[in-house]
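Following: one structure in structure tokens, then a few remarks.
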Amino acid sequence: MTTIATSGNTSTREAPRAGPAQSQPAAHGPCTLSEAVQAVNDHQRQVEMRRMALAARRRTPSDDWPVPVPRSHLQTLEQQAREAAALRGLLDNGPLIAVPFSAAPPYTLRDMPASLCRAMGHRPHGGGRELPLTRLFSAADLPRLQQALFDGDAATLTVHLRRADGRAWRCNVHLSAQDAADPDWRWACIVPDVAPPAEEAVQPAHDRRLAAKSSPRPRLDAWPAA
């Protein structure tokens, strides 16, 4: 009991008791600004991690991930792709046949362009990369060609390209010198010297041997005796 004194009257009243809500201490919260900022950052991190986990479950697995690149870099890549396509079209359809090959023996081809396949009488295909460069030309040209390849210097030779039908196509081949910046690659530029052999061209040697020689004089026994 608490006695409360007033002017002119003295009475005894009971002071209000604290309720259950008032008796419990207040919840502990962030006391400083740094703790408040840390709490907000932790909440945002948890929300972002849940969002990424949910997006990963919804997305189908794929290797095509978008990679942002600058616009100038993209334009440079597109220009290089157009130039490479134009150069490839020139080498496949132009008069010059450029063939990359290995700089080390046995000088295997690195590429088989479509123009070389047509010149040899083959259909364009993706094979032929394991074919040595010396197999493209006739056997009579091999000593000079192998010597030029062994020297490693730039050289121009007149050789005969072997065709699938057994004919030989005369042409000039220019061998590039070894490049110190790229020592594993060399180039052979084949320039036709004459038109491609037609169907009425000279037959191969084995066909000429099989051809029978006609006799200009008639046989004596074909005429009746006098």
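All of the numbers you see were taken from the coordinates with simple rules; none came from a lab. On a predicted model such as this, the values are computed, not experimentally measured, just so you know. Here the Cβ is made from the backbone with ideal geometry for all residues, glycine too, and neighbour counts use every protein chain on show.
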Inset, instruction - Provide the per-residue ³J(HN,Hα) series for the stretch 153-164, in order, calculated from phi with Karplus coefficients 6.51, -1.76, 1.60 and θ = phi - 60°, each as a whole number of Hz, with x at glycine and proline positions. - result: 9, 5, 8, 10, 10, 9, 10, 10, 6, 7, 10, 5
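Count the net charge of all other residues whose Cβ sits under 14 Å from the Cβ of LEU142, scoring Lys and Arg as +1 and Asp and Glu as -1.
Details: positive: ARG135, ARG144, ARG162; negative: ASP141.
Local net charge: +2.
Rounded to the nearest 0.05, what FRET efficiency is calculated for GLN80 and GLU130 with R0 set to 35 Å and r the Cβ-Cβ distance? Write down the numbers at each step before the final one.
On the way: r = 29 Å, r/R0 = 0.82.
So, using R0 = 35 Å, E works out to roughly 0.75.
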